[in-house]
Amino acid sequence: LAFQVFDGASLAERFRVTYTGAKVSGSLDVDGGITITDNTITSSASNADLELNASGTGQVVANAALKFNAGYIENINTLTSSTTITVDCSLASIHTVTLATNTEFNITNLPTGGTVTLIITQDGTGSRTATFGTDGSTAVKFPGGSLILSTGANDIDVVTIVNDGTNFLGNCAKDYS
């Protein structure tokens, strides 16, 4: 058991109690809202998310396969049509846009091993074109060279891009009309 006193801190921050090697049998109740029993972490707050957050550039690392009993949900970010659209992959893994003009997509913050999905809808006019670049000033590579979007009014294409550490590799499922 260790006690630390921090001068110049608020009263709540002055005292920190730490114990290394604590063992709990049964259940551990943390802050009256989180319970740890055996291998299960439960939040008792009604309709609240249970979050795992790492600080700074840290990550939440799973050293075994993750099993999703109820599926999983990804954030979807809505982009605004413009001649240049920055797709910030740190905001979401799925982005959606309705094109009202020809555009250049600039993919940023896609980490090695990361994947981003773009749901691109043609407006009521259609025939909008797109090119795809990255924050490293390289073009996204697509099968056969470049990507030509579906051009019909209201056509929907789904573009998926993965960063393999060397290249940004893209693929497109076309013409959801």
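The values are calculated or read from the model by the stated rules, or taken from the named source; none is laboratory data. Predicted, not measured: the structure shown is a model, and the values here were computed from it. Note that each Cβ is placed from the backbone with ideal geometry, even for glycine, and that neighbours are counted across all protein chains shown. Please note that ligands, DNA and RNA were not included when accessible areas were found on the heavy atoms of the full protein model with its side chains. Shrake-Rupley method; radii C 1.70, N 1.55, O 1.52, S 1.80 Å.
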Restricting to Cα pairs below 8 Å that are 6+ residues apart, what does the relative contact order work out to for the chain? Please round to a whole percent. 12
Which ³J(HN,Hα) values, rounded to whole Hz and listed in residue order, are derived for the stretch 45-58 from phi using the Karplus coefficients 6.51, -1.76 and 1.60 in 6.51 cos²θ - 1.76 cosθ + 1.60 with θ = phi - 60°, glycine and proline given as x? 6, 5, 6, 9, 6, 9, 10, 10, 10, 9, 8, x, 9, x
Nearest-5 percent of antiparallel DSSP beta bridges in the chain? 55
Sorted by chain and then number, the residues having a modelled amide H within less than 5 Å of the amide H of I107, at least 5 places away or on another chain, are V87, G133, T134, D135
Using all C-alpha to C-alpha distances in the chain, build P(r) with 5 Å bins and read off the rounded percent in each one. 1, 6, 11, 14, 13, 11, 8, 8, 8, 7, 5, 4, 2, 0
Residue-averaged [θ]222 nm for the chain, counting only DSSP H segments that reach four residues, each worth -39500 (n - 2.57): -500 deg cm²/dmol
Partner lysines for K174 [C-alpha distance under 30 Å; skip if fewer than 8 residues away on the same chain]: K141
Pick out, from N106, V158, A139, the residue whose Cα sits farthest towards the positive end of the charge dipole of the chain, with +1 on the Cβ of Lys and Arg and -1 on the Cβ of Asp and Glu. A139
List every residue whose amide H lies under 5 Å from the amide H of F142, counting only residues 5 or more places away in sequence or on a different chain, with H placed 1.01 Å from N in the peptide plane. G170
Using θ = phi - 60° and the Karplus form 6.51 cos²θ - 1.76 cosθ + 1.60, what ³J(HN,Hα) does each residue of the stretch 90-107 get, whole Hz, x for Gly and Pro? 6, 8, 6, 9, 10, 10, 10, 8, 9, 7, 10, 7, 5, 9, 10, 8, 10, 7
Hey, what do the phi angles of the stretch 82-87 turn into as Karplus ³J(HN,Hα) couplings, whole Hz, using 6.51/-1.76/1.60 and θ = phi - 60°, x for Gly and Pro? 6, 5, 10, 10, 8, 9
Per residue, how many Å² of accessible area does the stretch 49-91 show with a 1.4 Å probe? 90
Once ligands and nucleic acids are excluded and a 1.4 Å probe is used, how much of D135 is accessible, expressed in Å² to the nearest 10? 90
Please list the three semi-axes, largest first and in whole Å, of the ellipsoid equivalent to the stretch 27-69, using sqrt of 5 times the eigenvalues of its alpha carbon gyration tensor. 21, 15, 12
